Amino acid sequence: MEKTRLSYDYEAAMCLQQGLYPVRRTATSEQSSGSVSRRFWVGRSGTLDIAGIGQVVSEMENLSATQGPRFEPAPILVHMAEHEEKFYRND
């Protein structure tokens, strides 16, 4: 299951990096504090924020070392982890 989740994370990050779909960088108060689970409305990029991009990159690097380049973290995730960035912020 973990490998599947990380594969989805990688694909979502590559799509974002290539501009294939936009990411909304802010959440409305209804979205961030409503009765709907945060994981539901934010999709893969929000799930990365919740898990912690640095943690996801670390997991990908470990898997890449043992399972091959399929799990190498996407460059956008490495950059975001190094700069402690997130996809979403609550303004």
* Asked: In debye to the nearest 20, how big a dipole does region 41-88 give about its Cα centre with +1 on each Lys and Arg Cβ and -1 on each Asp and Glu Cβ?
  -> 200
* **Estimated inter-spin distance, Gln17 and Glu72, nm [label 7 Å along Cα→Cβ]** => 0.9
* Asked: For the residues Leu16, Leu48, what sequence is obtained by ranking on other C-beta atoms within 10 Å, fewest first?
  -> Leu16, Leu48
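FYI, it's all coordinate maths here, none of it is from the lab. Because the structure is a prediction, the values reported are computed rather than measured. With ideal geometry, Cβ positions are generated from the backbone for all residues, glycine too; neighbour counts draw on all protein chains shown.
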